[in-house]
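Structure first, then comments.
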Number of protein chains: 2
Amino acid sequence: MLKLVFNYNFLEMKTDRRKFIQQLSVGAGALATGLPSLVKGGVPHELGPGRDNNEQHFNMCGYAAPKIETVRIGVIGLGMRGSEAVGRLSYIDGVEIVALCDKYPDRIAAAQKTLEKMQRPKAREFTGEEGWKALCEDKNIDLVYTPTPWSLHTPIVVYAMKNGKHACSEIPAAKTLDQCWELVETSEKTKKHCMMLENCCYDFFELLTLNMVRNGLFGEILHAEGAYLHDLSRGYIFNKNGYADMWRLKENIGRNGNLYPTHGLGPIAQCMNINRGDKFDHLVSMSTNDFTMNDLARELSAKDDFFKPYVDKPYRGNMNTTIVRSFKGKTMMIQHDVSSPRPYSRIHLLSGTKGCASKYPEPEKIAFGHEWIKEEELKNLYDKYSPPIVKHIGTIAKDVGGHGGMDFIMDWRTIDCLRNGLPLDQNVYDAATWSGVGVLSEQSVGKNSKTIDFPDFTRGSWKTNKPHDMTLNGGATTGVREVKPQLKM
Amino acid sequence: MLKLVFNYNFLEMKTDRRKFIQQLSVGAGALATGLPSLVKGGVPHELGPGRDNNEQHFNMCGYAAPKIETVRIGVIGLGMRGSEAVGRLSYIDGVEIVALCDKYPDRIAAAQKTLEKMQRPKAREFTGEEGWKALCEDKNIDLVYTPTPWSLHTPIVVYAMKNGKHACSEIPAAKTLDQCWELVETSEKTKKHCMMLENCCYDFFELLTLNMVRNGLFGEILHAEGAYLHDLSRGYIFNKNGYADMWRLKENIGRNGNLYPTHGLGPIAQCMNINRGDKFDHLVSMSTNDFTMNDLARELSAKDDFFKPYVDKPYRGNMNTTIVRSFKGKTMMIQHDVSSPRPYSRIHLLSGTKGCASKYPEPEKIAFGHEWIKEEELKNLYDKYSPPIVKHIGTIAKDVGGHGGMDFIMDWRTIDCLRNGLPLDQNVYDAATWSGVGVLSEQSVGKNSKTIDFPDFTRGSWKTNKPHDMTLNGGATTGVREVKPQLKM
């Protein structure tokens, strides 16, 4: 939600500001243990009829696509998130932002200006209602990066893969079960990566605790919690100058469930090795009624006719609580509330047989018994267990910004994996499963919180899939431009 | 869980140490608003056939029993909680502890010693497997106070009411739906109070936030959370010198659900006016597998044959998460885990249309928007909105002790209501409903988290029942002995 503001004076930029960080050493003390090499493909099958067939076409978990020395990116959607992404990606070496697409030409112009400031060549432009199709069809693109309104994520990503591109989708990647399956089957058939850009997997405490889980410090994680509790009502979803055509407000009408589960869910699903040794088995979900949104619509419409069409709509309940049980008998509690006045929280609670971590309400906390450890001990854990990626790129990421740095860690890592032919941290099964929690929560809420069984998007391969590699082995070759204070996002 | 230790020198005690606090003024700024007088009985009906009949015998919500100038108490169960209760109750004027009952005579002797130290007369003694029945039949008792193992709560409380006594049950008041109904019907038929001793309703932050709710500071509460997250495994439930006959360990075998829901639930149910304007409609519940208890049984049994019978038992899952929806579309999330290593928490989260409160992880927090208020502002809220009972008895309660004072506030308030002929804060519907969450959670867990409808123990009277009175109107006449440092619990 950060606004991209460049105060940078283009004329001052010099070539020698491009520096490389390839030589940064990776802290050996933080290496995750017990991880076999993941740089391997799955076993190819004949293309089957799809979700009705219980056979996986090809296992995209652990799949390493051919190396791409320079990743040519097309960005579709240049609103709040997309304009930021253009800025961030411009810092990364081995990247060319070759195409920009938006329905609104002024947004393309603003993104071109960003590229210009970053001494990046001008990109090809795609606009109009179906500009995204033309971009996906463009031969000279390797990766389509899609920060559009939610409804466009699956159509664009599927079309991109079908046109031979890897694809990164903003969250959630899918809004229906059909879309989840379409993502899975398209990725498997095309052998193109489909990564959902769950940036919160790359926040510092989340990465620390994930690496601590891998090192066994919390024992076995038996319960975890995540959330998206973020009061967006006045500032964002009811802001007539915010999301184009009020699309995000409209998402809250007529659908009831956890519409946006992945910020809280992604990091804990990684800690619990979902799709990689365990899987979601079933969930139940419950929503409150709406106690604020229609009232706000009424209040705003009393002063501004613009809001009249939003009065007395079937708004979703403010708070949704979903509980998911895994095949191995672990539980996850996921919440969503974007319309109640309360401090921001993603919870990020891990409860294991040896310890516990809790991010929100802040400050971050860790315990190995009945007491939270002291601040100094937490600092020591950060020093010892921050994973290699944080030691490698964390400081620069904080400089670049983007939700405190996590957005940039995600972008850098994704590009570095593509350039080095490594599996991506998040694959299409993660995208489908994490987004699927939202879809199934709607089903459960619609049936009085009925238990809903979870589809196995991996079609059995969760049993042998390995956790994603946290070691940077074979990667960490991609450089980053020096971040000048004026360029900070 | 505090041990009662008296270092008091009996010979130093003088009569003038008995002081009264009746004259303490009640802070007017904290008076709850909009509460009509609750000192009234319900409308009596003919006694019907019971739960199959949809008619309430008599409404015990708001019921004021005849005044009892001196409350003669019989305490049944003198283990950890009961021995503490004898100590606390001894501080209260207008109380006589006339009878003590336990299966173990040494516990009775210890409680008599407590009475002696407190310059209280010796109590009549009841022992043996059925000593509690004889105590309940004793003519010269007004109130039976029951801190026994869970399985005895309903039998004792029902028998006490049938023998003309008011009854206070430790938590949970009931373990089955039949027991819940038995409590309700017996209380209605006998017009005897059945109060479950949910002490957490009397903790300072809980009372503060309840009074803030009543004063509208959080707007309408749309979602709330409570829990009992307390690692009891090594210190209590697997402690061979702890609960008699290992009864609390045995409770964790063969039953799977939220066995102990009321510490977290009681305070939020009061904030949401459950049974008094709203009611529980349905719930879903999910448990993890057991990841620690059987392992601990194995570990202990390797060194001590005593634990051999506890190996490979069907232990309940460590973490249970239950979501309850109210008739008015509000939700509550309740958790229970007594076997995972993590810091103590009852959560106590309130999310309203105007603000939010969160007790755990500590420190306590309140927000009226996107930021938690500062410590100084929280202190101001404590000054302004701590309800009359805290201003009246809070300081003394902290001196007496018992979970920081809340136990004593509860005891004092209960006695004061009985002495002044006021309705008790917690009635039989609260006892049945709050305990019922545990019972129904077991049903839901046993059926793969199926949605379970909630019985309406008030048989419709929730629509007109009024929230309990927080003003102390007509009460606050009961004095308390001066608390000498040596007497502190």
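Every residue in the stretch B:267-296 that is buried (at least 22 other Cβ atoms within 10 Å of the Cβ) and of a type in the set (Gly, Ala, Ser), please.
The answer is B:ALA269, B:SER285, B:SER287.
Looking at this structure, is A:ASN318 buried (at least 19 other Cβ atoms within 10 Å of the Cβ) and either within 30 Å of the chain's Cα centre (by Cα) or at pLDDT 95 or above (or both)? Give the derivation first.
Numbers: buried (at least 19 other Cβ atoms within 10 Å of the Cβ): yes; either within 30 Å of the chain's Cα centre (by Cα) or at pLDDT 95 or above (or both): yes.
Taking the combined requirement at face value, the residue satisfies it.
Please go through the stretch A:263-305 and pick out each residue that is in contact (Cβ under 8 Å) with a residue 60 or more places away in the chain and within 13 Å of chain B (Cβ to nearest Cβ). Steps first, answer last, please.
At the first step, the residues of the stretch A:263-305 found to be in contact (Cβ under 8 Å) with a residue 60 or more places away in the chain are A:263-287, A:293, A:296, A:300, A:304.
Across the stretch A:263-305, the qualifying residues are A:MET272, A:ASP278, A:PHE280, A:ASP281, A:HIS282, A:LEU283, A:VAL284, A:SER285, A:MET286, A:SER287, A:MET293, A:LEU296.
(1) hydrophobic (A, V, I, L, M, F, W, C); (2) crowded, with 24+ Cβ neighbours inside 10 Å; (3) within 21 Å of B:ALA269 (Cα to Cα): which one isn't true of B:ILE393, the others all being true?
(3)
Which of the residues that make up the stretch A:175-185 are open to solvent by less than 10 Å² (accessible area, probe 1.4 Å) and either hydroxyl-bearing (Ser, Thr, Tyr) or under 24 Å from A:ASP407 (Cβ atoms) (or both)?
Of the residues in the stretch A:175-185, the ones open to solvent by less than 10 Å² (accessible area, probe 1.4 Å) are A:180, A:183-184.
A:LEU183, the sole residue that qualifies.
With respect to the numbered conditions (1) touching a strand residue (DSSP E or B) at 6+ places or on another chain (Cβ under 9 Å); (2) buried (at least 21 other Cβ atoms within 10 Å of the Cβ); (3) away from chain A (no Cβ under 14 Å), which one is the sole condition not fulfilled by B:GLY226?
So B:GLY226 meets the others, but not (3).
Has the stretch A:326-336 got at least one residue that is in a helix (DSSP H, G or I) and out of contact with any helix residue (DSSP H, G or I) (no Cβ under 9 Å at 6 or more places or on another chain)? Walk me through how you get there before you give the answer.
Filtering the stretch A:326-336 for residues in a helix (DSSP H, G or I) gives none.
No, the stretch A:326-336 contains no residue that is in a helix (DSSP H, G or I) and out of contact with any helix residue (DSSP H, G or I) (no Cβ under 9 Å at 6 or more places or on another chain).
When you go through A:PHE408, A:PHE457 one by one, which is the residue that is open to solvent by less than 10 Å² (accessible area, probe 1.4 Å), at negative phi, part of a loop (DSSP other than H, G, I, E, B) and away from chain B (no Cβ under 14 Å)? Show your work before the answer.
Details: A:PHE408 fails: part of a loop (DSSP other than H, G, I, E, B).
Exactly one residue qualifies, and that residue is A:PHE457.
Given the options B:TYR202, B:TYR260, name the one that is at pLDDT 95 or above, away from every other protein chain (no Cβ under 12 Å), touching a strand residue (DSSP E or B) at 6+ places or on another chain (Cβ under 6 Å) and under 30 Å from B:ILE415 (Cβ atoms).
B:TYR260
Quick grid of which residues meet (1) assigned to a loop (DSSP other than H, G, I, E, B); (2) among the aromatic types (Phe, Trp, Tyr):
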{"residue": "A:GLY74", "(1), (2)": "no, no"}
{"residue": "A:GLY82", "(1), (2)": "no, no"}
{"residue": "A:GLU96", "(1), (2)": "no, no"}
{"residue": "A:ALA99", "(1), (2)": "no, no"}
{"residue": "A:ARG107", "(1), (2)": "no, no"}
{"residue": "A:ALA110", "(1), (2)": "no, no"}
{"residue": "A:PRO121", "(1), (2)": "yes, no"}
{"residue": "A:TRP132", "(1), (2)": "no, yes"}
{"residue": "A:CYS136", "(1), (2)": "no, no"}
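Can you tell me how many residues within the stretch B:233-260 are assigned to a loop (DSSP other than H, G, I, E, B), surrounded by fewer than 21 Cβ atoms within 10 Å (Cβ to Cβ) and of a type outside the set (Ser, Thr, Tyr)?
Within the stretch B:233-260, residues that are assigned to a loop (DSSP other than H, G, I, E, B), surrounded by fewer than 21 Cβ atoms within 10 Å (Cβ to Cβ) and of a type outside the set (Ser, Thr, Tyr) number 6.
Please work out which residue is nearest to the other protein chains (Cβ to nearest Cβ), limiting yourself to the stretch B:356-370 and to residues that are closer than 16 Å to B:LEU222 by Cβ and in contact (Cβ under 8 Å) with a residue 40 or more places away in the chain.
Result: B:CYS356.
Kindly provide the set of residues from the stretch B:170-203 that are of a type in the set (S, T, N, Q) and free of Cβ contacts under 8 Å to residues at least 12 places away in the same chain, ordered by number. Steps first, answer last, please.
The initial filter retains those residues of the stretch B:170-203 that are of a type in the set (S, T, N, Q), namely B:176, B:179, B:186-187, B:190, B:199.
Selection gives nothing.
Could you run through the stretch A:383-428 and say how many residues are farther than 20 Å from A:LYS165 by Cβ and either under 17 Å from the mean Cα position of the chain (by Cα) or not basic (Lys, Arg) (or both)?
So in the stretch A:383-428, the residues farther than 20 Å from A:LYS165 by Cβ come out as A:383-409.
Narrowing the set further to residues that are either under 17 Å from the mean Cα position of the chain (by Cα) or not basic (Lys, Arg) (or both) leaves A:383, A:385-390, A:392-397, A:399-409.
Matching residues across the stretch A:383-428 total 24.
Are any residues in the stretch B:198-217 among the acidic types (Asp, Glu), open to solvent by 10 Å² or more (accessible area, probe 1.4 Å) and assigned to a helix (DSSP H, G or I), and if so, which ones?
The first filter runs over the stretch B:198-217 and keeps only residues among the acidic types (Asp, Glu), leaving B:198, B:203, B:206.
In the following step, the residues that additionally are open to solvent by 10 Å² or more (accessible area, probe 1.4 Å) were identified as B:203.
Of everything in the stretch B:198-217, nothing turns out to be among the acidic types (Asp, Glu), open to solvent by 10 Å² or more (accessible area, probe 1.4 Å) and assigned to a helix (DSSP H, G or I).
All but one of (1) touching a residue at least 40 places away in the same chain (Cβ under 8 Å); (2) of a type in the set (Gly, Ala, Ser); (3) buried (at least 21 other Cβ atoms within 10 Å of the Cβ) hold for A:ALA167; state the number of the condition that does not hold.
A:ALA167 satisfies every listed condition except (1).
List the number of the failed condition for B:LYS447; all other conditions in (1) within 20 Å of B:HIS468 (Cβ to Cβ); (2) surrounded by fewer than 24 Cβ atoms within 10 Å (Cβ to Cβ) hold.
That leaves (1) as the condition not met.
From the residues in the stretch A:324-346 that are under 22 Å from B:ILE373 (Cβ atoms) and in contact with a Lys or Arg (Cβ under 7 Å, 6 or more places away or on another chain), which one is nearest to the other protein chains (Cβ to nearest Cβ)?
Here the residue is A:PRO341.
What are the residue pairs meeting all of these: first residue in the stretch A:441-452, first residue at the interface with chain B (Cβ under 9 Å from one of its Cβ atoms) and of a type in the set (Lys, Arg), second residue open to solvent by less than 70 Å² (accessible area, probe 1.4 Å) and not in a helix (DSSP H, G or I), Cβ atoms under 8 Å, and 6 or more apart or on different chains?
Matching pairs, first to second residue: A:LYS450/A:VAL284; A:LYS450/B:THR451.
Please enumerate the residues belonging to the stretch A:242-292 that are in contact with a Lys or Arg (Cβ under 7 Å, 6 or more places away or on another chain), more than 18 Å from B:ARG325 (Cα to Cα) and of a type in the set (Val, Ile, Thr).
Across the stretch A:242-292, the qualifying residue is only A:ILE253.
The values are calculated or read from the model by the stated rules, or taken from the named source; none is laboratory data. Note that the structure is a prediction, hence the values are computed from the model and not measured. Positions of Cβ are generated from backbone atoms using ideal geometry, with glycine treated the same way; all protein chains shown enter the neighbour counts. Accessible surface is based on the protein model in full, side chains and every heavy atom, while ligands, DNA and RNA are left aside. Shrake-Rupley method; radii C 1.70, N 1.55, O 1.52, S 1.80 Å.
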